[in-house]
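The values are calculated or read from the model by the stated rules, or taken from the named source; none is laboratory data. All values derive from a computational prediction rather than experimental measurement. Note: ideal-geometry Cβ built from the backbone for every residue, glycine included; neighbour counts use all protein chains shown. The protein model used for the area step is the full one, side chains on, heavy atoms only, and it has no ligands, DNA or RNA in it. Shrake-Rupley method; radii C 1.70, N 1.55, O 1.52, S 1.80 Å.
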Amino acid sequence: MNTLDYETLQSYTLILHAADQGAPAMTSSLTLMVTVRNVNEFAPVFIPTNTYTTTINENEAYGHAIINVLANDGDGNTVIYAIISGDPAGLFVIDSDTGEVTLMGKLDRETTSSYLLIIKAEDGNGVSTLTGTATLHITINDENDNSPKCNPDTYIRYPAEDDSIGTALATLLCTDFDAGANAELTFSIILGNTGSDFNINPTTGIISLANTLEYDSISTQEYHLLVNVIDGGVPPLTGTASIAVYVSSVNEFNPIFTVPIGGYVASIAEDIAVGDSVVSVTATDQDLGDAGNIKYSILAGNSDGKFRVDSSSGQIHISAKLDRENTDTYTLTLRATDSLPANSDERYTETTVIVTVTDVNDNIPVFSSASYTVSVLEGATVGTVIKQVAASDDDIGLNAQVSFSIISGNTNGDFSIVGDDIFIANQLDHVTTGQYNLQVTATDAGTPSLSA
């Protein structure tokens with residue numbers, strides 16, 4: 001007897017004969033029709049492969065047919081298709097009957113450049129449904145749908161009249177979110193280049209001097225350039241940036257700090273209030289006009305931002321709470337700069353300010369351990385040291401000098417503490433007192449004192 005196979009043969013026609021034992025024998029026959037019922041034993045299989053790849057332009061229209069996937073079911077059952085993952089935004093749909101994948105939303109390659117969809121093929125047998133899966137990798141082709149953008153799109157420059165030809169004034173920072181040729185940028189000056197005094201590199205966007213700028217002879221001491229930025233797309237898209245150029249005369253003298261004897265030094269308590277003044281620095285400049293205007297800044301030594309300087313007066317103030325335990329001395333480098341902050345011929349000089357932070361009793365002593373456990377024999381000699389306690393204080397001087405005392409649990413005064421030694425003060429008796437819970441406090445010598 002063989003196993004039935006619906007996929008090989010779906011029905012049988014059997015002719016049955018019956019004969020008796022008489023002589024002559026009498027016979028009869030009947031026809032038996034056997035129909036084989038299908039059992040769902042084969043999962044759908046994608047053909048020719050379970051991995052599909054395709055591309056689509058990012059500007060394809062709603063309803064665009066992308067690809068057809070196909071799966072066969074060995075049982076001959078109807079196959080139903082569905083997208084089960086990889087499309088959180090619901091941009092794609094699949095025809096459940098034909099396997100055709102269609103675009104149903106707007107693509108943006110700059111947001112998502114590709115999708116990996118998992119497609120399920122399910123046979124139509126409702127009793128014991130079987131499934132197969134395939135992956136569909138969709139790559140989005142770029143379309144030129146982003147204009148070049150410059151950030152910043154406005155620049156101000158102050159070249160000196162003695163700057164040499166070729167001096168770079170600015171590098172335009174422009175980008176295009178597209179890809180390939182659509183993102184390749186070309187720069188050109190389209191307005192404001194009086195006398196062709198400026199060049200721009202068409203590839204890098206670097207603007208430089210094409211001629212010497214003579215402050216006393218050129219017809220204008222300021223230029224307002226407009227730069228066009230065009231991408232390589234078809235059709236191309238454009239953006240712009242503007243550059244204001246103000247020509248300045250030569251700055252001759254450096255600022256000079258008026259440093260007191262002994263230098264700029266200050267001593268302040270660590271609890272000084274934010275906003276309080278520390279010390280003032282002063283510098284002078286022999287130039288006139290903008291070239292003689294001095295601006296002050298902290299150049300170094302202020303990495304944690306504890307100080308700020310008034311850029312006009314040179315007064316140094318506290319800008320954040322100090323902590324001597326972290327930093328007890330600051331060596332600030334102050335810079336005095338003349339001319340306008342953006343002027344390329346500005347001159348400067350520097351000086352050092354030493355700020356010493358004095359201690360304030362703002363740290364509580366801290367025990368080396370939150371609790372101690374000691375076992376002692378009741379016959380131990382009076383005066384025996386049973387434990388040394390230890391505590392530290394992050395302050396300095398008197399503020400860090402710690403003394404200890406027993407404040408509770410010392411039944412009958414059986415223990416005493418001297419320095420950091422706890423010792424037996426009375427003869428111990430286990431029967432009378434089998435356990436002591438001593439509470440020891442650590443107190444610094446600051447004013448006011450702090451305890452733990």
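Quick one: which residue in D178, D123, D108, D142 is under 30 Å from F198 (Cβ atoms) and modelled with pLDDT under 90?
Working: D123 fails: under 30 Å from F198 (Cβ atoms); D108 fails: under 30 Å from F198 (Cβ atoms); D142 fails: under 30 Å from F198 (Cβ atoms).
Exactly one residue qualifies, and that residue is D178.
May I ask you to verify whether P202 is modelled with pLDDT of 90 or more, touching a Phe, Trp or Tyr at 6+ places or on another chain (Cβ under 9 Å) and not in a strand (DSSP E or B)?
Numbers: modelled with pLDDT of 90 or more: yes; touching a Phe, Trp or Tyr at 6+ places or on another chain (Cβ under 9 Å): yes; not in a strand (DSSP E or B): yes.
Spelling it out, P202 is indeed modelled with pLDDT of 90 or more, touching a Phe, Trp or Tyr at 6+ places or on another chain (Cβ under 9 Å) and not in a strand (DSSP E or B).
Considering the range 406-435 alone, what residues qualify as being part of a loop (DSSP other than H, G, I, E, B), open to solvent by 50 Å² or more (accessible area, probe 1.4 Å) and under 18 Å from L377 (Cβ atoms)?
Step one: of the range 406-435, the residues part of a loop (DSSP other than H, G, I, E, B) are 409-410, 414, 419-420, 425-435.
Going one step further and asking which of them are open to solvent by 50 Å² or more (accessible area, probe 1.4 Å), we end up with 419-420, 426-427, 429-432, 434-435.
Within the range 406-435, N426, Q427, D429, H430, V431, T432, G434, Q435 qualify.
Among Y372, Y330, which is the only one that is modelled with pLDDT of 90 or more, more than 16 Å from S311 (Cα to Cα) and among the aromatic types (F, W, Y)? Show your work before the answer.
Details: Y372 fails: modelled with pLDDT of 90 or more.
Checking each option against the conditions leaves just Y330.
Of all residues in the range 369-400, count the ones that are in contact with a strand residue (DSSP E or B) (Cβ under 9 Å, 6 or more places away or on another chain) and within 11 Å of L428 (Cα to Cα).
Total satisfying the criteria: 4.
Within the range 238-268, count every residue that is open to solvent by 20 Å² or more (accessible area, probe 1.4 Å), in a strand (DSSP E or B) and either at positive phi or modelled with pLDDT under 90 (or both). Can you show your working first?
Going residue by residue through the range 238-268, those that are open to solvent by 20 Å² or more (accessible area, probe 1.4 Å) are 238, 240, 242, 246, 249-250, 252-254, 256-263, 265, 267.
If we keep only those that are in a strand (DSSP E or B) as well, we get 238, 240, 242, 246, 256-257, 265, 267.
Retained after the next criterion (residues that are either at positive phi or modelled with pLDDT under 90 (or both)): 246.
The qualifying residues number 1.
Listed here are the residues, each with its yes/no results for (1) part of a strand (DSSP E or B); (2) loosely packed, with under 14 Cβ neighbours inside 10 Å.
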| site | (1), (2) |
| --- | --- |
| S28 | yes, yes |
| I56 | yes, no |
| E60 | no, no |
| G74 | no, no |
| Y81 | yes, no |
| T98 | no, yes |
| L107 | no, no |
| S128 | no, yes |
| G132 | yes, no |
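Taking the criterion of being modelled with pLDDT of 85 or more and exposed (fewer than 14 other Cβ atoms within 10 Å of the Cβ), would at least one residue in the range 37-48 satisfy it?
Checked against the condition, which is being modelled with pLDDT of 85 or more and exposed (fewer than 14 other Cβ atoms within 10 Å of the Cβ), the range 37-48 yields at least one hit.
Just the residues that are open to solvent by 70 Å² or more (accessible area, probe 1.4 Å) and part of a strand (DSSP E or B), please, taken from the range 358-386.
V366, V385, listed by residue number.
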